[in-house]
Amino acid sequence: MPASPRIAVIGGGISGLAAAQRVAELLPRAEIELFEAADRLGGVLHTVKRGGFLIERAADNFLIKPPAGIELCRQLGLADELLTTDESRRRAFVVRSGKLIPIPEGFFLMSPRKLWPLLASPLLSLAGKLRLLAEPLIPRRRNAPLNPDPSTPNPQLDESIASFCRRRLGREVFEQLVQPLVAGIYTADPEQLSMAATMPQFLEYERTSGSLLRATLRLPLSAGEGRGEGDPTNAASGARYGLFVAPKDGMTSFVSALADRLPRLRIHLNAPVSTIELVNDHWRLEWISTAISPPIPQSPFDAVIVALPAHAAADVVQQCDAALADELAEIEYASCAVVSLGYARRQIGHPLDGFGFVVPQTERRRIIAGSFASLKFPGRAPEHHVLIRVFIGGALQPEMLKLPDAELIRIAREELAELLQIAGEPVVSDIVRWPRSMPQYHVGHLDRVARIEKLAAAHPTLALAGNAYRGVGIPQCIASGQAAAERIAAQFTPTSSIGPI
């Protein structure tokens, strides 16, 4: 192996940047080149400033657990610039008959930490509440093996979120609470979404306690949920807002700080890679466009990290491993549009005493969720103004993305006007579309990922990274990129100097 290996990173999103940065740490003599198809780095992470508003076009925060995100911020010198959410507003709403009803205090995803607020909530009928109380009487799944590791691929262990929730908590809890919360996080269809890949902790609760209520009511409110979620505030609901942080100047500042650690001359923008091929133990890359400026030398690489969406990665690796490409192509994706609207506070009749709302599918509305972005973190809107982000499309309403931008903005305005009692025109509006951007962890996803990892292992100098495999959040993407870098670095460094991979 060469002392100064040439390593290509394909994809300039957060996963690819984290991979390149970690390779540079582990192999300081390596020549690293990063290729990004777009004209900027960051992938879906994109901050724009307009009319005094700071608008995030995708994720506007990340969790401090798992720790990969916060640790990288410390390494980049950004830790002191991270903002936390306003403690007084750490709750969310769910739409019911055109009204915003608070999600019961202490209810997170599928976890009731307090029983009385749930029983007192108007979101559930008396029958729904009685069905919830009967949950401890529901037996465990007969075919669920006693597996100490719920994340281990096992077809018998997995089932859809919808199936699991209806079986344990009843139809109403699923339709009024779990389905909209899941849609707001994954833009997904819970009828297909995998429990083992997204919420394995609840499978474990059923296995060990035989009941979600018995397991979750015993947990302290500050306890995490196995995926790095937790909140020290008793009144929180909907999401673990106490662990949300965001860079003061937006997510793009995080991307820029990470990119600044890389040699500028080795980052190639507008350079979409079409295929990779292994020739004489070296990787040869081909680009979709030959008009890249400046021209990229056709030099072979000793290793490649592919940090692309699974469907794009499938196209790239097709020539070198058709079986791997086929497995990657089977991971489905959902599309989404994000409409950001800024208003003067006096235009809004609702008290906005929370961070946002989710919309159950049973409401038959044209939006998935709304986020009061400037109330979560300061500096997102001018004084006496509010920035609201509206999410449209997803796996349950893919047809919405066929509408033109002006129509989607009109829909977002109409929905907010009714739900939040808004009068007048927004002072600023912004729309972005993210086609095929959110991977869908359908039932059996972990089995597919295990097959992908086994096939990829046959190519020691090829590694995959991104949100398609073991987590869609920013910390998981960073960890994925770093793990890919460590896998590659291990090929050029004695194992003892890197540690276990």
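The values are calculated or read from the model by the stated rules, or taken from the named source; none is laboratory data. If you're wondering where the values come from, they're calculated on a predicted model, not measured in any experiment. Please note: Cβ atoms are built from the backbone with ideal geometry, for glycine as well, and neighbour counts cover all protein chains shown.
Observations
- Here G466 clears all of (1) small (G, A, S); (2) closer than 22 Å to D326 by Cα; (3) modelled with pLDDT under 95 except the condition numbered (3).
- Selection of segment 61-119 for residues being of a type in the set (F, W, Y) and closer than 25 Å to Q421 by Cα yields only F93.
- Unmet requirement for A417, which otherwise passes all of (1) part of a strand (DSSP E or B); (2) without any contact (Cβ under 8 Å) to a residue 24 or more places away in the chain; (3) of a type in the set (A, V, I, L, M): (1)
- For segment 96-116, residues that are among the polar types (S, T, N, Q) and within 25 Å of the chain's Cα centre (by Cα) total 1.
- Whether a residue is modelled with pLDDT of 70 or more and either in the same structural domain as F357 (by TED's automatic domain parsing) or of a type in the set (G, A, S) (or both) was assessed, and A259 passes this test.
- Here segment 155-165 is the region considered, the condition is being modelled with pLDDT of 95 or more and crowded, with 20+ Cβ neighbours inside 10 Å, and the residue that is farthest from L446 (Cα to Cα) is C165.
- Cross-chain or 6+ apart pairs with Cβ under 8 Å, segment 160-182 first and under 16 Å from L126 (Cβ atoms), then basic (K, R) and assigned to a helix (DSSP H, G or I): L169/R131; G170/R131; R171/R131; E172/R131; V173/R131
- Scan of segment 316-346 for residues that are buried (at least 18 other Cβ atoms within 10 Å of the Cβ) and part of a helix (DSSP H, G or I), ordered by number: V316, V317, L324, A325, E327, L328
- Applying the set (1) modelled with pLDDT under 95; (2) in contact with a Lys or Arg (Cβ under 6 Å, 6 or more places away or on another chain) to L54 leaves exactly one unmet item: (1).
- Selection within segment 369-385: residues that are among the hydrophobic types (A, V, I, L, M, F, W, C) and not in a helix (DSSP H, G or I). The member of this set that is farthest from V95 (Cα to Cα) is A381.
- For segment 1-37, the set of residues classified as assigned to a loop (DSSP other than H, G, I, E, B), over 25 Å from V472 (Cβ atoms) and touching a residue at least 12 places away in the same chain (Cβ under 8 Å) consists of M1, P2, A3, S4, P5, L27, R29, A30, listed by residue number.
- Residue in segment 357-366 that is among the β-branched types (V, I, T) and surrounded by fewer than 17 Cβ atoms within 10 Å (Cβ to Cβ) present: yes
Quick grid of which residues meet (1) surrounded by fewer than 19 Cβ atoms within 10 Å (Cβ to Cβ); (2) within 19 Å of A310 (Cα to Cα); (3) under 18 Å from the mean Cα position of the chain (by Cα):
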| site | (1), (2), (3) |
| --- | --- |
| I392 | no, no, yes |
| A395 | no, yes, yes |
| I409 | no, no, no |
| E414 | yes, no, no |
| V428 | yes, no, no |
| V432 | yes, no, yes |
| M438 | no, yes, yes |
| L446 | no, yes, yes |
| G471 | no, yes, yes |
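- The sole residue among E425, E407, E399 that is under 17 Å from G52 (Cα atoms), free of Cβ contacts under 8 Å to residues at least 40 places away in the same chain and not in a strand (DSSP E or B) is E425.
- The listed residues are I388, I305, and the only one of them that is touching a Ser or Thr at 6+ places or on another chain (Cβ under 8 Å) and either in a strand (DSSP E or B) or farther than 24 Å from R57 by Cβ (or both) turns out to be I388.
- Meets criteria (surrounded by 22 or more Cβ atoms within 10 Å (Cβ to Cβ) and either farther than 22 Å from R436 by Cα or in the same structural domain as E486 (by TED's automatic domain parsing) (or both)) for I64: no
- Selection from segment 38-77 of residues that are under 26 Å from D430 (Cβ atoms), outside any strand (DSSP E or B) and over 21 Å from the mean Cα position of the chain (by Cα): D39, G51, G52
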